[in-house]
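What follows is a set of notes on a single structure, which appears directly below.
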Amino acid sequence: MRIQRSLIRLLILCSLCGLIASADAAPLRPTHAPHAMVASVHELASRAGLEMLRSGGNAVDAAVATGFALAVVYPQAGNIGGGGFLLLRNANGETHFIDFREKAPAAATENMYLDAQGNVLPESSKDSSVVGYKAIGVPGTVAGLVYAEKQYGKLTIEKVMAPAIKLARDGFSLAYDDAQDFKEDEHLAQFSESRRIFQRDGNYYQPGDLFKQPELARTLERLAKDPDTFYHGAMARELAVAIQKGGGLVTAADLAAYEVKEREPIRGSYRGYDVISAPPPSSGGVALIEILNILEGFDLAKLGNRSAAAIHLEAEAFRRAFYDRADFLGDPDFAKIPVAQLIDKKYAAAWRDSIDPNRASVSKDLKRPSFGELERVAQSRPVPNREPQNTTHFSVVDAEGNAVSLTTTLNDSFGSRVTASGLGFLLNDEMDDFAAKQGVPNVYGLIQGPANAVGAGKRPLSAMTPTIVVKDGKLFLVLGSPGGPTIITTVANVLIGVVDFSLDIQEAVNAPRFHNQWLPDEILVEDRVSPDTMNVLRSDGYKLRVEHFWGDGECIMVDPKTGERLGASDGRNNGKAVGY
Ligand code: DON
């Protein structure tokens, strides 16, 4: 019951924070452009990226401009007080994965979110991992975007930050969903600066109102002139004072110690396509490749798009990948993660043998095939975690064929709900992505291993899955989504939609989603899956949870024949794909 209520809560909160909007707005066809494309959850942020592309910038310039603009126009998840992952694939085939995930402050300890009786502190506690100052991890976004711009962009920081500064200073008109999000968030009002900025001290913003953020504009201007001030200068000191005054742990020394990491992306293949995705500390890439490896042995196309038989096999692959995610994934700088075994096609083949084509498996009875080191590592589970409610993904392809897939988050919608006093930006509650307590499933039913215990300087495990797919050396797809654990299965759903079921990218994004995360032992299905199909799944032994919809696929496909950029913005939300 607890898990059921929690999943419903996740979806309700996703809808409150704008992840779920009117389905009527769903575009039915992709946006076509001959040269370049940006797809994001907010048209103004997509246009910020497009402006860079039109003025000589590359995909990285556009992504950095879109990222900073989202911090202004989509404060629910766009951010400079959070973190994320950027996957870049240059037209020459070179790839870079930039990890700018938040880190736990040096004073963080394994049991910091437990009360004297050893129970996880509730959100109402001032020391909660979800709401308030103790939830804040050391932000990585400014470091990540600035690093990307300096290493791989062509323009200047001032240039790529200019649209965001203008949007913050001059304001922009609030959409219905954004005004609702500001008004209805249950925790923003607890923090006077957040209540003043986002809720006008109770005189709530209405749809169409101009939303100006003068403090944020000043902060962005300072960063454009001197980005290092966030970590080593006056801004670092101001930020640390603001956090500590509220009882948070992040110090100026933590900010100074923050470092972006370039990591090797995860690579796999699926039916002749090369798949490049997020490595640990994300679980996304490993789980995605494991899912695809298992499914490669089945003829999904023959079974038919969204047929019960296909959904069954996909759900079984999801179940097994999430079972492994629970046991093995965490920060690779602190724990040995058996990535090579998990993404080995022979391991997937052994898992595949355990799938009955006509009957649902039972999660608690799953037996992991003996393979390499996996059993030894698995002895020490489980550790739980609670999975959060907002994030945003965007995709960029430029005229040369360079591509960026970027997912960024404050974790929950509006993060910790704490606005850095005087600086005008929200801070994350990414500490909640750590496992707060061993042995108890989190409120969303997700279980994770000891590799993801809270620890000083560690990065919490993520599900963010920025992904790029290549065919015969040529860019084909740029994919990603928000949605906590459903991120992984949303990316898999879109990819399989295109590769197995020959959907175009918009159709694949629109197609009804389904999700299985091992525990709870059920399939979450969007309500557009046909009732007949649902009944066949029930008779196969599945428990179904039917929800309206979730996730936000902001994706791009490159037409293999014409090279055209085909942008898909998810009709579940208010985003826009724009190109030229
Ligand atoms: O990194 C993660 O996995 C989470 N912080 C992402 C949260 C999320 O996507 C929730 N969105 N609806």
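The values are calculated or read from the model by the stated rules, or taken from the named source; none is laboratory data. The structure displayed is predicted, hence computed values, not measured ones. Ideal geometry is used to build each Cβ from the backbone, glycine not excepted, and the neighbour counts take in all protein chains shown.
Some points to look at:
- Qualifying residue in region 552-561 (condition: out of contact with any strand residue (DSSP E or B) (no Cβ under 6 Å at 6 or more places or on another chain), surrounded by fewer than 23 Cβ atoms within 10 Å (Cβ to Cβ) and over 30 Å from residue 578 (Cβ atoms)): no
- The listed residues are 97, 182, and the only one of them that is part of a strand (DSSP E or B) and at pLDDT 95 or above turns out to be 97.
- Test: residue in region 286-294 that is crowded, with 20+ Cβ neighbours inside 10 Å and of a type in the set (Asp, Glu): yes
- Among the candidates 360, 350, residue that is assigned by TED's automatic domain parsing to the domain that holds residue 474, over 18 Å from the mean Cα position of the chain (by Cα) and not in a helix (DSSP H, G or I): 360
Okay, residues lined up against (1) crowded, with 24+ Cβ neighbours inside 10 Å; (2) not assigned by TED's automatic domain parsing to the domain that holds residue 528:
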site	(1), (2)
452	yes, yes
459	yes, yes
471	no, no
486	yes, no
499	no, no
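- Members of region 552-565 that are within 16 Å of the ligand (Cβ to nearest atom) and not small (Gly, Ala, Ser): 552, 554, 555
- Residue pairs whose Cβ atoms lie under 8 Å apart, separated by 6 or more positions or on different chains, with the first residue in region 308-319 and more than 11 Å from residue 514 (Cα to Cα) and not assigned by TED's automatic domain parsing to the domain that holds residue 368 and the second aliphatic (A, V, I, L, M) and not in a helix (DSSP H, G or I), do not occur.
- Residues of region 409-426 classified as in contact with a Gly (Cβ under 9 Å, 6 or more places away or on another chain) and within 16 Å of the ligand (Cβ to nearest atom), total: 8
- Qualifying positions in region 122-136 - without any contact (Cβ under 8 Å) to a residue 12 or more places away in the chain and of a type in the set (S, T, N, Q): 124, 125
A quick yes/no check of all residues on (1) over 22 Å from residue 299 (Cα atoms); (2) of a type outside the set (S, T, N, Q):
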| site | (1), (2) |
| --- | --- |
| 496 | no, yes |
| 502 | no, no |
| 505 | no, yes |
| 527 | yes, yes |
| 542 | no, yes |
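- Residues that are within 16 Å of the ligand (Cβ to nearest atom) and either closer than 22 Å to residue 325 by Cα or out of contact with any Leu (no Cβ under 6 Å at 6 or more places or on another chain) (or both) within region 519-551 comprise 524, 526, 548, 549, 550, 551, listed in sequence order.
- Within region 112-121, being surrounded by 12 or more Cβ atoms within 10 Å (Cβ to Cβ) and part of a loop (DSSP other than H, G, I, E, B) holds for 112, 113, 115, 119, 121.
- Some residue of region 452-474 being assigned to a helix (DSSP H, G or I) and away from the ligand (no atom under 16 Å from the Cβ): no
- Count of residues meeting criterion [within 16 Å of the ligand (Cβ to nearest atom) and not hydroxyl-bearing (Ser, Thr, Tyr)] in region 482-508: 10
- Residue in region 83-92 that is at pLDDT below 50, within 16 Å of the ligand (Cβ to nearest atom) and in contact with a Ser or Thr (Cβ under 6 Å, 6 or more places away or on another chain) present: no
- When residue 236 is tested against (1) buried (at least 16 other Cβ atoms within 10 Å of the Cβ); (2) over 17 Å from residue 146 (Cα atoms), only condition (2) is not met.
- The lone exception for residue 273 - which of (1) outside the structural domain of residue 127 (by TED's automatic domain parsing); (2) without any contact (Cβ under 8 Å) to a residue 60 or more places away in the chain it fails: (2)
- Residues of region 283-308 that turn out to be farther than 13 Å from residue 501 by Cβ and either in a helix (DSSP H, G or I) or among the charged types (D, E, K, R) (or both), as a count: 13
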